[in-house]
Structure formats: structure tokens, C-alpha cells
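> Please see the structure below; I have some questions.
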Amino acid sequence: MRVSFDWLKDFVKVAATPEAVAEKLTMLGLEIEALERIDGDVVLEVNVTPNRPDCLSIMGIARELSAAYGIPLAFPDLNVVSESKELDFNVEILEADLCRRYAGRIVHNLKVGPSPDWMKKRLEKCGIRSINNVVDITNYVLLEFGHPLHAFDLSTIRGHLIRVGTPKVTTGQSNMKFTTLDGSEREVSGETLLIWDAERPIAIAGVMGGSDTEVTEKTVDIFIESAYFEPTSIRRTSKTLGLKTEASYRFERGTDLKALKKALDRAAMLMHEVAGGTLYGKIDIYPKRFYPKQINVRYERIGRLLGVKLSEQEVLDCLQGLGLEIFECNSEGFKVKVPPYRGDIAMEADIIEEVARLYGYDRIPAELPKARLGVDSRKEIVSAREIRHDIRESLLKCGFDEAINLSFMGAYELDLLSIPAEDARRKLVQVRNPLREEDAYMRTTLVPALIRNLIHNLAHGNRELRLFEMAKAFIDIDHNSLPEEKERIAALYYREKTKTLYKDDTPDFFVVKGIGDAMFEGIGISGHSYVRSDEPFLHPGRSANIMIGGSKAGFIGELSPAVIEALDIKAQKPSVIVMEMDLGAIISLSKRDAIYKQLPKYPFVERDTAIIVDARLQAAEIIGHLKDHASGIVEDVSIFDIYQGGNIGVGKKSIAFNVRYRSPEKTLTDQEVEDTHKVLVDYILEKTGGQVRI
Amino acid sequence: MSENLKRTFLDEVSSLKSLADAANLRVKYLGKKGIITAKIKSLSSLSPEERRVAGREINELKQFIEEECERKESLLKSAELKGRLLAEAIDITLPGKAVSFGHEHPLSRTLREVVDIFTRMGFDVQEGPEVELDCYNFEALNIPKDHPARDMQDTFYISEDIVLRTHTSPVQVRVMEKKKPPLRFIAPGKVYRCDADVTHSPMFHQVEGLMVDKDITFSHLKGVLIAFIHQMFGPDIPVRFRPSYFPFTEPSAEIDMGCILCKSAGCRVCKGTGWLEILGAGMVNPKVLENVGYDSEEYTGFAFGMGIERITLLKYSIDDIRLLFENDIRFLRQF
Ligand SMILES: [Zn+2]
């Protein structure tokens, strides 16, 4: 809200500079966001929190200053002299729950025209465009008192009657069309509170008037409305119509049930002074009266909540000037009657806030609390956090940069990855009001985001990417309950061949696989294995599912050429490795309790052998056989060479492996090792149908 | 005669160039058929008296030659090693084989720092769902439907009753429902608001904290948050508390710290005020305590919350929040 400093001074004669006043207001909870000098005046941009609709007015802000500085509030003189003619005009409130009070005045014979300069300037400084004197006066009073008014052209109101009600109650209609004064025809629901004359609706209550009854330059007689509309009803209407006005903004926050009469009188006086109208008596229908809330306040409670002991006098001084009626004071506390403009005050804590606010938050001493020692979190939660941390650390150490992406994705991204309809990743949680269509769903996999990151980086000439992300995926269960939130970890690796000083020819797949294995080792997972993956977006020959304890924990592999092509990735080398795993599963399987094994006492002996086998035979199979064969002295086996071509036959390959023998009881003799190795090799040959390469 | 021999030997020794030559020289004088060996053998033809004199002389000579050979050999050896090492020299100015560590995302880094400070102060860490029931995100926190306070947080809706949490406060409610005071924890995590520009992202990170016990006061809230700001930004940073509004706290406060960019002198970032808003906080609204079944007469508490993105932007002078989510490695590798 924009507030003219000059205007403020009409109501509170502060001597302080605008800067000092701005500082004061900020420290009272009315944050001044900007200070602007216009025409020798200063305009304060006040950020009014939604609980303080009373401060959406010059008067409200003046009241705060009056309380803070202890300067009395000057109220404008409201002696309205009106012709005491009998009013030939009726108001009927059909739904008092939605309209607790409706008042109005008739002004005859006014001259619609431009407003005087002083009024125009004040309005403009506060950000309101001058239209004509009648409309300007309603706006002027709106700014001054915070109470929205509406002026109708009296001649257009049919049947000398105003009715307040929803279409449902007034005419039984469930919805209808209505043209507002901005010229748009709007669909209005049966629950919308409207203002009607004897025949038809003439305004959307508290939001906007109708075009048929608008004040024009031809208007001579007007009816000024000043009413109290129920905040939630106005808010609903404003939201449904997508129509937010100065009036609706204030009504939905709550207006002053009592001051609406003063606002009406103020407007009437100005109509007379500025537009030369003759005032007639007023009408005021007030079916649901205002009864002030009464709140008990205890001194002891103030001290207990704020942590500072204030004297009775200090407390009462703080509340002085806010317009609160204090009564039944004793040494324990007092009672407060809350004025109608402070709908935000409803309980003791609210009064304590007022005390703290006026006393000054900065005067309350800071103190560290004394607390009992203790640990609340369960051990599993703490260790899960540690495992997550270790996983992050291992990927960081392996050169992966950490990515953080928004949790959204588009359904088309699953199409690009050819994710089938029955896949769990298609159980989408849809956002009803996304900012962009691409962000319409919560992501069910982290891969699309990493691919977006790849595309972005390639477009900016970044040719070597190692990214990982740890985040949640969201799997819909049914539309009525919360989705399953699954922690995932994903990584993407892409590296173009560049001219480098030191050569490393490790294929990308194995680089990432090695890093994954290191990660597993770091968190005590060892029994995992790799089987061919059927992920539709991966190269079928260069991808694997990662199996832990018999179930799929994730996958690793090269993006399939089809995906690369569909995404139009302009890369020198089409090999992009992606990996994604179920982090929750990994955490639950992690075993980090180490038990020391005695260091070996006797030396080891190694033997290397190369065998020629069918080219399709997988390394894991040979390793498996080697490990199966229980000789009691095999300590470790590893493959150190794979060779195809040359004198190895077509469809065959040579696999060279190394076996390390060691006995825990003695130094092995060459003969023992020789014998054992021969048995082992024979066993492998039998199992694989291979032959020893000579 | 032996003097001549000695001189000849010394000439030969001084002209030695390699260890192999030295070995040859040693053989020439001391080998089985060497000059000295021959001389020793020839002693037997002398009279005992002559043999005694000549024997001592020849033995001295032998010892001299041996010592000289050794000395020379050792010299040659170190010269030769020196030569070899020189030949083996590499260009130590060539770059090392690149081993690059990955870079922690700046948001993770800030988040970790914040969490560390509070855990050092004895706060626990709690988590909760990101897709949340309206009743936990709003109603239990004293934000009913059709309340203007909902405008403070533009909300993404999944259904009528399910939202993307707009703050991590629902975690507070979920924890309080399960546990009785005393409570002291923070809730870090992702939150969502329907808003996007240079300083707002539809997804961002928050850390909220809660402490509930008997006799927890506004003074304590100030004590804890000032301690946090001083740990996070430096012990001399000025801090101010000003009244504000949050439906779930009463009294509520916003906390400003002196602008770290201009040292409170006033700049573009702090809009000339010298202050930066850094935290929201307050005493837990009695209605929120009652909603979870606590006796608000017996227990009081404070709650606070902060945006990790905002702190990160300020800390690293980043001028566009979108950079945080593009994952451009030229950006990530700066941290
Ligand atoms: Zn600054």
C-alpha cells in the first residue's frame, strides 16, 4: 500500500522525519519497502501483512503511529448536514450471514466532473488514477478509512429497492451472466453474493459494480453503498471470477463493521463539498450486530512467553493508543475488548504480540535456552543419513558433480524413453496448476532431468560431463492418497575423445561400473551382480540391471541410439552412460559393521592361464566357476585379458585369468599349487567347453 | 722401482673414465696375473733379509693401490649414477594426470552448513513427505481454506486435498503428533511454490526448526537465531527482529541481518537499507499446539524457517536463481 506522508499528518502530527517514521513502522511490523519523494511529499510503500487489513488505510497507519509515538489521533470532523426528507428507498438483506450490515446515502443534484487538484494528486501518489469526482471520492475514502464504497447512478436503480443476496436465494437461479463496469460479461455462480434492484442484479457485492448502474458524466443523483460483506464469501467470488479489486482485497481480509458508517458520512460530506450535491438522510440495515471479543490477559503469561518481565504499567502503556478497551485490571492481569478493526486479535497470545510489538522486539533480551540433553532420532534414520552422505562423498571423490533439478517432468519425456504403459514410472502424480506443460508431472525417474542437463551442457560446449543427483521420485498409488516417495540416485557420464597427454582407453561403461562398485564397497554392499537389462531406452548389448539380494536395485548402461537420435543430441560420440538406483533399497541393504580378519601369515603363489571359449560366454560365468570350485586354497581370482581375432577362431575369445593361492596354515609348495591349479583349469574347461590357449 | 710403479699407477688411475676401466686396472695390478701379484710371487727368490724389506714395501704398495682403486671406483660410481639420473629426467612442468574431484552443489553446501550449525546446538533432524495433505500443510498450521494467508504461498495442487508442500512446517506437525515435548529439531527439505522469476524458483529448499518445552520464550528464539546467524555469517553481523505475520506463530518475527555485501552501508541487493531479510520465526501459535494435542498452557515453543536458495544467492553473489537448477558444469565447478 502506498501512503502519502502529508496525508498521514492530517491524522497524526508526527514531528519525526519520513525516514524515521519509515524505520518506526518497519519495526512495528509494517515494513516500508521503499520511500519515494514526489512534489515535496514522501510516499511510503508499506508491506501490509494479510492479518492487518486495518492498515490498508491512511487512518490505520496513523493509528499505529499514534500508539507508537504517544501522539493523539486526529479524527476528521463528520458532522453531516442532510435534508431530513423521508427516504423513498428500501434495502433488504436476504442473507445476513453474507452481509452483516448495509448502509447507504442518497446524494441529489451533484455535478459529475473532474476532481480538485489536491484530491487528484493524493490519489495519484497512492497509485490510483483519477476518473471523475464521484468515483474519486469513493476511492479517496477507501484509502483514508480502508473501507470500500460503491456509488450507483440512482436513476438506474429500479423500484427504489436494493436487495442483497445470492442468485440461489434471490431468484432461485444456479448461475447467471452479469456485465461488470469494466465491460466484461461474467458467468456468476448461484452462491455469489450480488446487489440487486427490484428487477435485476446491479453489482457483484464487494468486488465490482455493474455497467448498467455505473456513474457517468450524465449522472445527477447517486446512491452510495457502504456495507460489510463476509470475507470468505468475497474471497471465493474474487478467486472464482479471477477478479481482484481494491474493494475485494479489503473485504476478503475483513473490514470495520462499525467504521463503515463513518466512511459513508465522510464520502457524503465530500460529495457535498466537492461535487455540490445535496445530501439526503441515510439508510442503515444492521441485522448482525458487532459484539467485541473479550480476552483475558495475564501478566505472568506475558513474561512466560516473551522471556522478559514487564511492569504492569509498561504493559498498559504498550496497549494504550491501539484503541483496545482495557477493563477489570488487577495485579494478575486485565481484560481487553477488541475493536472491530482488529479482527486479527482473538486470544491472549495476540495481545502479547501487541505488547511485544509496541515494547519493541529489539528490547527483548536474547538468551540461549537451557535444555535437556537427548537424541530423538532413531538409529536407522541416523545411519541412513550417514549412508547417503557416504554415497555422495564417494561420487564426489570419483569426479561426479552434483546436480539438483526441479522435481517436475513432462509425460513426453517418458515417451522419449519408450517407457511402457504398465511400467511403474508411468504412475504419474499430476500437478493441477503447473507453470509450464513440461512441468506438469512429478518425476518418477531422475534420468530425464540428467538428459536435459546433458543437452544444456553440450549446447554450451561442455564436452565432459559427470553428473549425479540424489532426489525423490514420486509414484502415484491412487489419486486420493499421498504418492509413494522413493529416494533415487542417478548419474550420467559423457566424455568425448579429446587429445590428451596420458592415455586411458577404459570403455565408458566400465568406468561408471567401476565407480558404482566403489560406491557399493564404501557402504558395505558386496553381493551385487549385473545381468543384461531390458530397459527400453538403453543399448541392449551395453546395459545391465544391478541386482542386489535377488532383486533389481537399478540399472546402468549406454543410452540407446534411438534415444540419442530422438533427442537430437549433437554429440561427437553417441555413448552416454546413465545409471539410476533405488537409494532406499541400497540404504536398507548396506552393512557397515566391519569385523577384523587376521592378516595372512604365509606367502601367496599366483598362476595365470588363458583359455579359449565361445565368444558369448560372459566373464561372470567363468569367475563364478572359479569361485565355486572349492579347493580351500584359492584366495582370489581375476580376469586380466580378453582377446578376440588373430589366431583365435571366429566366434571364440581368449580369456586370461589369474588365480592367487594361499593357505592359512602353511607355505604352499610349488607342487601343491601346480596340482590344484591343474584340477581347477580342468574343471573350468569342462564347465565352459573351452581349451587352454597355448 | 716401486716409486716408478706407483707413479705409473697414479697416472693410469687419474685417466680412468669408467667403472669397467677401473675393473680392468684393478685386474692389471691386483689380479692373479697382476703386476703386484707377480711381485709378491717374486719375493720368494729373495734372501730373508731382502724379503722382509721388499715385502713390507710391496705390501704397502698393494694396500695403496687397493685404496686408490676403491676411491676411484666410488667416485666413478657416483658420477655414473649422476649421469644416469640426469638422463632419466622428465619434464616436471608437464601437467599431472588429471584427477578431478566432483563438486558439491552450492545448495547442498549451504544446506549442510545450516544443518551442521543446528545439530551442533543439539537440534535433531527430521524429514517428511514433499507431496503433502492440505490439512498438514495448511489447516493444522492455522491456515484455513479461503483465508487470505493462503495468498502468501502460491500453491501447487495435486487434488483438492493434496498439495506440494509450500514449506517444511508440516514436518513439525507430523513430529508433534507422534512425540511429546521436549522437542528440538530442524526439518530441511524441498518445498514448492507456484512462482518463477530471477529470485523465485517453483522448487526450493527450506530449513525450518522447532523447539517446544516448558518455559521456552521469545528470548530463547532470539538467542538461538542470533547464535545461528553469527555462526553462519560471522560473529560481528548485526541482527534485528521485527514484527511480522505467520498464521502458525504468535508473536511472529522477521529477522534481518546486516547486509553482508555492503557491510550495512546500503546497496542494490539490500535495496539501500543495509539489511537483508534472512529468517521468519515466532512463538508457536497456541492453536497449532492444541491441534496436535499439546497443552498450550504447559508448553510453549518457537519455530523458524529460512530459504536455502536465498542464503546461497547472497553468499556467493549469484544474481539469478535459475542458475542453481540448470546444472551447467561451468557453474557447478565454481563451488
Ligand atoms: Zn547491501
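The values are calculated or read from the model by the stated rules, or taken from the named source; none is laboratory data. This one's a predicted model, so the numbers in the text were calculated from it and none came from an experiment. Note that each Cβ is placed from the backbone with ideal geometry, even for glycine, and that neighbours are counted across all protein chains shown. Heavy atoms of the whole protein, side chains included, go into the accessibility calculation; ligands, DNA and RNA do not. Shrake-Rupley method; radii C 1.70, N 1.55, O 1.52, S 1.80 Å.
> Roughly what would the spin-label model give for B:Met152 and B:Asp320, points 7 Å off Cα along C-beta, in nm?
Once both label points are built, they end up 3.2 nm from each other.
> Compute the distance in nm between two label points, each set 7 Å from the Cα along the Cα-to-Cβ direction, one at A:Glu33 and one at B:Arg84.
7.9
> Highest first, please rank the peptides B:90-99, B:124-133, B:184-193, A:665-674 by the mean number of other Cβ atoms sitting within 10 Å of their residues.
B:184-193, B:124-133, A:665-674, B:90-99
> Could I ask something else about it? Can you sort B:Asp11, B:Asp197 by solvent-accessible area, 1.4 Å probe, largest first?
In descending accessible area the options line up as B:Asp11, B:Asp197.
> A follow-up question, please. What is the spin-label model distance, in nm, from B:Asp21 to A:Leu416 if the labels are put 7 Å beyond Cα along the C-beta direction?
7.6
> Here is a follow-up. Where does helix B:19-30 land angle-wise versus the long Cα axis of chain B, in degrees 0 to 90, nearest 10?
30
> Place a +1 charge on the Cβ of each Lys and Arg in segment B:2-87 and a -1 charge on the Cβ of each Asp and Glu, then give the dipole magnitude about the Cα centre in debye, rounded to the nearest 20. Write out the running numbers ahead of the final one.
Values: 18 positive and 14 negative charges, 60 e Å.
My answer is approximately 280 debye.
> Here's a follow-up. Compute the length gained on full extension between B:Val99 and B:Gln63: take 0.36 nm times their separation in residues and subtract their Cα-Cα distance, giving the result in nm to one decimal.
7.1 nm
> OK, next. Give me a single rounded figure for B:240-250: the average over its residues of other chain Cβ atoms within 10 Å of their Cβ.
Per-residue shielding by partner chains comes out at 6.
> Set the Förster distance to 45 Å, then compute FRET efficiency between A:Leu599 and A:Asp504 from the Cβ-Cβ distance, nearest 0.05.
For A:Leu599 and A:Asp504, the calculated efficiency is 0.90.
> As a test, work out the antiparallel percent of DSSP beta bridges whose residues both lie in chain A, rounded to the nearest 5.
95
> PRE reach from B:Lys178 (point 7 Å along Cα→Cβ): which of segment A:359-380 fall under 14 Å by backbone N?
Counting backbone N atoms under 14 Å from the label point, the list is A:376-380.
> Please work out whether chain A counts as rounded, prolate or oblate from its C-alpha gyration tensor, where a ≥ b ≥ c are the square roots of the eigenvalues and a/c under 1.5 means rounded, while otherwise a/b larger than b/c means prolate and anything else oblate?
Numbers: a/c = 3.58, a/b = 2.48, b/c = 1.44.
Since a/c reaches 1.5 and a/b is larger than b/c, the shape of chain A is classed as prolate.
> Which whole-number value in Å³ per residue fits the convex hull of the alpha carbons of segment B:2-87?
Expressed per residue, the convex hull around the Cα atoms of segment B:2-87 is 72 Å³.
> May I ask which of A:Lys379/A:Lys472; A:Lys335/B:Lys287; A:Lys111/A:Lys288; A:Lys168/A:Lys258; B:Lys28/B:Lys77; B:Lys145/B:Lys287 have a Cα-Cα span longer than 25 Å here?
Checking Cα-Cα distances, A:Lys111/A:Lys288; A:Lys168/A:Lys258 exceed 25 Å.
> Run the reach check for B:Lys97 against lysines, Cα to Cα strictly under 16 Å, same-chain hits fewer than 8 apart removed. What comes back?
Those lysines meeting the cut-off are A:Lys397, A:Lys497, A:Lys499, A:Lys503.
> Please list, or write none, the lysines whose alpha carbon is within less than 30 Å of the alpha carbon of A:Lys601, excluding same-chain residues fewer than 8 places away.
Qualifying lysines at Cα under 30 Å: A:Lys591, A:Lys627, A:Lys666, A:Lys678.
> Just name one of B:Pro144, B:Pro170, B:Pro181: the one whose Cα is farthest towards the positive end of the charge dipole of segment B:106-332 (beta-carbon charges, Lys/Arg +1, Asp/Glu -1).
Looking along the dipole axis, the top candidate is B:Pro181.
> When we measure straight from the Cα of A:Lys13, which aspartates and glutamates land under 13 angstrom away, once same-chain ones fewer than 8 places off are left out?
A:Glu64
> Shielding of A:392-402 by partners, i.e. mean partner chain Cβ atoms within 10 Å per residue?
Details: counts 5, 3, 1, 1, 5, 3, 4, 6, 4, 13, 11.
Across A:392-402, the average partner-chain Cβ count within 10 Å equals 5.
> Still on this model: Could you calculate the FRET efficiency of A:Glu19 with A:Glu437 from 1/(1 + (r/R0)^6), where r is the beta carbon distance between them and R0 is 41 Å, rounded to 0.05?
Efficiency at R0 = 41 Å is approximately 0.30.
> At q = 0.17, 0.19, 0.25 Å⁻¹, what log₁₀ I(q)/I(0) does segment A:538-584 have when each alpha carbon counts as one equal point scatterer in the Debye sum?
One equal scatterer on each Cα of segment A:538-584 leads to -0.54, -0.63, -0.87.
> Restricting the count to DSSP beta bridges whose residues both fall in segment B:106-332, what percent are antiparallel, rounded to a multiple of 5?
Among the beta bridges of segment B:106-332, antiparallel pairing accounts for roughly 95 percent.
> Cross-chain or 8 or more residues apart, Cα under 24 Å: how many lysine pairs in segment B:146-227 fit that? Count them up, please. The partial results should precede the final answer.
Working: B:Lys178/B:Lys190; B:Lys178/B:Lys214; B:Lys179/B:Lys190; B:Lys179/B:Lys214; B:Lys180/B:Lys214; B:Lys180/B:Lys222; B:Lys214/B:Lys222.
Count of close lysine pairs: 7.
> Something else about it: Once the dipole of chain A is set up with Lys and Arg at +1 and Asp and Glu at -1 on Cβ about the Cα centre, which of A:Leu680, A:Ile648, A:Met347 lies farthest towards its positive end?
A:Leu680
> Relative to the present Cα-Cα distance, how much length would full extension add between A:Leu73 and A:Glu635 at 0.36 nm per residue of separation? Intermediate values should be presented prior to the final figure.
On the way: separation 562, 0.36 × 562 = 202.32 nm, distance 9.26 nm.
This chain segment gains 193.1 nm when fully extended.
> Sort segment A:2-69 into rounded, prolate or oblate with this rule: let a ≥ b ≥ c be the square roots of the eigenvalues of the Cα gyration tensor; rounded if a/c is under 1.5, and if a/c is not under 1.5, prolate when a/b is larger than b/c, oblate otherwise.
Rounded is the answer for segment A:2-69, as its axis ratio a/c remains below 1.5.
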